[in-house]
1. Residues of the range 61-85 being farther than 18 Å from ALA48 by Cβ and open to solvent by less than 60 Å² (accessible area, probe 1.4 Å), which ones?
2. Quick one: THR74 ticks every box in (1) outside any loop (DSSP other than H, G, I, E, B); (2) closer than 20 Å to GLU121 by Cα; (3) touching a residue at least 12 places away in the same chain (Cβ under 8 Å); (4) of a type outside the set (D, E, K, R) except a single one, so which number is it?
3. Does ARG100 qualify as being farther than 20 Å from LEU57 by Cβ, at pLDDT below 85 and not in a helix (DSSP H, G or I)?
4. Could you tell me whether ILE43 is aliphatic (A, V, I, L, M), within 14 Å of the chain's Cα centre (by Cα), under 17 Å from LEU122 (Cα atoms) and open to solvent by less than 70 Å² (accessible area, probe 1.4 Å)?
5. Counting just the residues of the range 86-142 that are open to solvent by 70 Å² or more (accessible area, probe 1.4 Å) and of a type in the set (Ser, Thr, Tyr), which one comes out nearest to VAL42 (Cα to Cα)?
6. When you scan the range 14-34, do you find a residue that is at pLDDT 85 or above and either under 12 Å from the mean Cα position of the chain (by Cα) or in a loop (DSSP other than H, G, I, E, B) (or both), even just one?
Amino acid sequence: SMTTTLSMKNEFGDIASTNGNGCSKQLNISCRTSICEWMYRVIDHFSADREVVHIALSYIDRILSTNICADRRTFKLISSASLHLAIKTHFPHLWHDVGRLLPELSRGDFAMGDLLAMENELLHSLTWLLNPPTPQAITMHM
């Protein structure tokens, strides 16, 4: 089924690290690679503009650079909320098709309420700066 094909993988690698405040983080480069590939599969399935993935990844990178302690479940929630927010902000015509499906794609890890609560956290953490430069935007201005 589509949900099985597009569902987030359970495995994001198994290397744990600690940030400066001693918080154990179980995230690594394979986590980001996996979530990036998942986002592209979702967006490609709906024949949507891939620029939305660049935007969502910008949100994720900016959030995680603030030394947020994120386990794998939180990382998946941050990633889904970032994609949801990028779609709602930049491609609102896709929100009905893609946005409402994201909690289902989490394989039960979170509900729409969790997604919306994390979206609110993202908005405040990103100080509402939701228009990052993307390769496509830069090319359009050349």
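1. As a first pass, look at the range 61-85 and keep what is farther than 18 Å from ALA48 by Cβ: 61-78.
Passing the criteria: ILE63, LEU64, ILE68, ALA70, ARG72, THR74, PHE75, LYS76, LEU77, ILE78.
2. All conditions are met except number (3).
3. So ARG100 does not fit the description; no.
4. Numbers: aliphatic (A, V, I, L, M): yes; within 14 Å of the chain's Cα centre (by Cα): yes; under 17 Å from LEU122 (Cα atoms): no; open to solvent by less than 70 Å² (accessible area, probe 1.4 Å): yes.
No: the conditions fail for ILE43.
5. THR139
6. We begin by selecting, within the range 14-34, every residue at pLDDT 85 or above; these are 33-34.
Next, only the ones that are either under 12 Å from the mean Cα position of the chain (by Cα) or in a loop (DSSP other than H, G, I, E, B) (or both) stay: 33-34.
Scanning the range 14-34 turns up at least one residue that is at pLDDT 85 or above and either under 12 Å from the mean Cα position of the chain (by Cα) or in a loop (DSSP other than H, G, I, E, B) (or both).
The values are calculated or read from the model by the stated rules, or taken from the named source; none is laboratory data. This one's a predicted model, so the numbers in the text were calculated from it and none came from an experiment. For neighbour counting, all protein chains shown are included, and Cβ atoms are generated from backbone atoms with ideal geometry for every residue, glycine included. Surface areas here come from the heavy atoms of the whole protein model, side chains and all, with no ligands, DNA or RNA. Shrake-Rupley method; radii C 1.70, N 1.55, O 1.52, S 1.80 Å.
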